[in-house]
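To start, the structure under review is shown below, and the notes come after it.
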Amino acid sequence: MNMVTTGIVGYPVNANARPELIQLYKRTLDELKTKVPEKAAYRQSVEAFTTHRLKIAEENEDIASIEKLADAGQIEELISQAQEEIKLISKMAEWKAWEPLEEQIPPRQWEYFKKAPSTE
(Lines give C-alpha, C1' and ligand atoms only; values in the text may rest on other atoms or scores of the structure.)
Protein backbone atom coordinates (compact mmCIF):
# COMPACT_ATOMS: atom_id res chain seq x y z
CA MET A 1 0.00 0.00 0.00
CA ASN A 2 1.39 3.40 -1.00
CA MET A 3 0.86 6.29 1.37
CA VAL A 4 -0.79 9.38 -0.05
CA THR A 5 0.05 11.62 2.91
CA THR A 6 2.08 11.44 6.10
CA GLY A 7 -0.66 13.25 7.98
CA ILE A 8 1.98 15.72 9.21
CA VAL A 9 2.02 19.26 7.84
CA GLY A 10 5.32 19.97 6.12
CA TYR A 11 6.28 16.32 5.69
CA PRO A 12 5.38 15.03 2.24
CA VAL A 13 5.55 11.30 1.57
CA ASN A 14 9.07 10.27 0.56
CA ALA A 15 8.91 7.47 -2.03
CA ASN A 16 12.65 6.80 -1.60
CA ALA A 17 12.69 7.05 2.20
CA ARG A 18 14.57 3.93 3.27
CA PRO A 19 17.60 4.36 0.95
CA GLU A 20 17.74 8.06 1.78
CA LEU A 21 17.62 7.35 5.51
CA ILE A 22 20.40 4.76 5.26
CA GLN A 23 22.55 7.22 3.28
CA LEU A 24 21.94 9.96 5.87
CA TYR A 25 22.87 7.69 8.77
CA LYS A 26 26.10 6.67 7.02
CA ARG A 27 26.89 10.32 6.33
CA THR A 28 26.21 11.18 9.97
CA LEU A 29 28.73 8.58 11.12
CA ASP A 30 31.31 9.81 8.58
CA GLU A 31 30.83 13.43 9.65
CA LEU A 32 31.28 12.48 13.31
CA LYS A 33 34.52 10.65 12.55
CA THR A 34 36.01 13.59 10.69
CA LYS A 35 34.75 16.49 12.83
CA VAL A 36 34.30 15.39 16.44
CA PRO A 37 36.91 13.82 18.75
CA GLU A 38 36.37 10.16 19.58
CA LYS A 39 36.17 10.78 23.33
CA ALA A 40 33.58 13.57 23.08
CA ALA A 41 30.33 12.61 24.82
CA TYR A 42 28.35 14.14 21.96
CA ARG A 43 30.06 11.91 19.40
CA GLN A 44 29.61 8.80 21.52
CA SER A 45 25.92 9.50 22.03
CA VAL A 46 25.16 10.29 18.38
CA GLU A 47 27.22 7.33 17.16
CA ALA A 48 25.32 4.99 19.46
CA PHE A 49 21.81 5.97 18.40
CA THR A 50 22.74 6.46 14.74
CA THR A 51 24.40 3.03 14.55
CA HIS A 52 21.32 1.52 16.20
CA ARG A 53 18.95 3.21 13.77
CA LEU A 54 21.16 2.39 10.77
CA LYS A 55 21.06 -1.29 11.71
CA ILE A 56 17.25 -1.12 11.95
CA ALA A 57 16.98 0.53 8.53
CA GLU A 58 19.40 -1.90 6.89
CA GLU A 59 17.81 -5.03 8.38
CA ASN A 60 14.18 -4.10 7.66
CA GLU A 61 12.72 -3.47 4.22
CA ASP A 62 9.29 -2.59 5.57
CA ILE A 63 8.85 1.09 6.44
CA ALA A 64 6.33 0.34 9.19
CA SER A 65 8.84 -1.99 10.86
CA ILE A 66 11.57 0.65 10.70
CA GLU A 67 9.24 3.22 12.24
CA LYS A 68 8.14 0.86 15.00
CA LEU A 69 11.64 -0.31 15.90
CA ALA A 70 13.22 3.16 15.75
CA ASP A 71 10.33 4.48 17.87
CA ALA A 72 11.01 8.08 16.86
CA GLY A 73 8.23 8.95 14.43
CA GLN A 74 7.44 8.32 10.80
CA ILE A 75 10.29 7.65 8.40
CA GLU A 76 9.97 11.16 6.96
CA GLU A 77 10.54 12.47 10.49
CA LEU A 78 13.55 10.19 10.90
CA ILE A 79 14.96 11.66 7.69
CA SER A 80 14.40 15.18 8.98
CA GLN A 81 16.05 14.30 12.31
CA ALA A 82 19.08 12.86 10.50
CA GLN A 83 19.38 15.95 8.29
CA GLU A 84 19.25 18.20 11.34
CA GLU A 85 21.82 16.08 13.18
CA ILE A 86 24.25 16.48 10.27
CA LYS A 87 23.82 20.26 10.51
CA LEU A 88 24.36 20.10 14.27
CA ILE A 89 27.59 18.12 13.87
CA SER A 90 29.09 21.01 11.90
CA LYS A 91 27.92 23.48 14.54
CA MET A 92 29.30 21.36 17.37
CA ALA A 93 32.64 21.17 15.53
CA GLU A 94 32.61 24.95 15.10
CA TRP A 95 31.79 25.49 18.77
CA LYS A 96 34.21 22.78 19.98
CA ALA A 97 31.70 21.99 22.69
CA TRP A 98 33.91 19.23 24.10
CA GLU A 99 36.75 21.59 25.06
CA PRO A 100 37.10 22.92 28.62
CA LEU A 101 35.25 26.14 29.44
CA GLU A 102 37.23 29.35 29.09
CA GLU A 103 35.98 30.49 32.50
CA GLN A 104 35.16 28.32 35.48
CA ILE A 105 31.49 28.11 36.36
CA PRO A 106 30.35 29.58 39.68
CA PRO A 107 29.96 27.01 42.47
CA ARG A 108 26.64 25.14 42.35
CA GLN A 109 25.56 26.85 39.10
CA TRP A 110 24.05 23.67 37.73
CA GLU A 111 22.10 22.75 40.86
CA TYR A 112 18.33 22.86 40.61
CA PHE A 113 17.13 26.17 42.03
CA LYS A 114 14.67 24.62 44.52
CA LYS A 115 17.09 22.05 45.83
CA ALA A 116 17.97 22.51 49.49
CA PRO A 117 21.43 24.01 50.01
CA SER A 118 24.21 21.57 50.68
CA THR A 119 25.41 21.32 54.28
CA GLU A 120 28.87 20.20 53.31
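The values are calculated or read from the model by the stated rules, or taken from the named source; none is laboratory data. These figures come from a predicted structure and were not determined experimentally. Here the Cβ is made from the backbone with ideal geometry for all residues, glycine too, and neighbour counts use every protein chain on show. Keep in mind that these areas ignore ligands, DNA and RNA; they rest on the heavy atoms of the full protein, side chains included. Shrake-Rupley method; radii C 1.70, N 1.55, O 1.52, S 1.80 Å.
Mean separation of Cα pairs under 8 Å and 6+ residues apart, divided by the residue count of region 12-120: what relative contact order is that in percent? Write out the running numbers ahead of the final one.
Working: 65 pairs, mean separation 38.3, N = 109.
Dividing the mean separation by the residue count of region 12-120 yields 35 percent.
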- Query: Treating the beta-carbon of each Lys and Arg as +1 and of each Asp and Glu as -1, no other charges, what is the dipole magnitude of the chain about its Cα centre, to the nearest 20 debye?
  - Reply: 220
- Message: Tell me the label only: which of [x] 14.7, 56; [y] 15.1, 50; [z] 19.0, 64 is Rg and Dmax of the Cα atoms in Å as calculated from this structure?
- Response: [z]
- Query: Does anything in region 86-109 have its amide N under 14 Å from the 7 Å Cα→Cβ label point of Ala72, and if so which residues?
  - Reply: 86-89
- Task: Provide the solvent-accessible area of Ser90, counting protein heavy atoms only and rolling a 1.4 Å probe, rounded to the nearest 10 Å².
- Result: 50
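Starting from the Cα-Cα distance between Glu94 and Phe49, subtract it from 0.36 nm times their residue separation and give me the gain in nm to one decimal. If you can, show how the numbers build up before the last one.
Numbers: separation 45, 0.36 × 45 = 16.20 nm, distance 2.21 nm.
Result: 14.0 nm gained on full extension.
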- Rough spin-label spacing in nm, given labels placed 7 Å along Cα→Cβ, for Asp30 and Leu101: 3.7
- Task: Starting from the residue with the highest accessible area, list Tyr11, Tyr25, Tyr112, Tyr42 in decreasing order, probe 1.4 Å.
- Result: Tyr112, Tyr11, Tyr42, Tyr25
- Query: Could you give the distance between the Cα centres of region 1-37 and region 54-114, to the whole Å?
  - Reply: 14
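Using only the heavy atoms of the protein chains and a 1.4 Å probe, how would Thr5, Thr51 rank by accessible area, largest first?
Working: Thr5 95, Thr51 70 Å².
Reading off the accessible areas and sorting them downward yields Thr5, Thr51.
May I ask you to give the percent of accessible area on the chain that is carbon plus sulfur, with a probe radius of 1.4 Å? Write down the numbers at each step before the final one.
Details: 4720 of 8920 Å².
About 53 percent, which is the carbon plus sulfur part of the accessible surface.
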- Item | Positive dipole terminus of the chain, leading residue within Pro19, Pro107, Ile66 (C-beta point charges) | Pro107
- All alpha-carbon distances of region 1-59, grouped into 10 Å bins from 0, give the whole-percent distribution 21, 38, 29, 12, 1
- Query: How would Arg108, Arg18, Arg27 rank on accessible area, largest to smallest, probe 1.4 Å?
  - Reply: Arg108, Arg27, Arg18
- Quick one: accessible surface of Val4, probe radius 1.4 Å, all protein chains present, in square angstrom to the nearest 10. 140
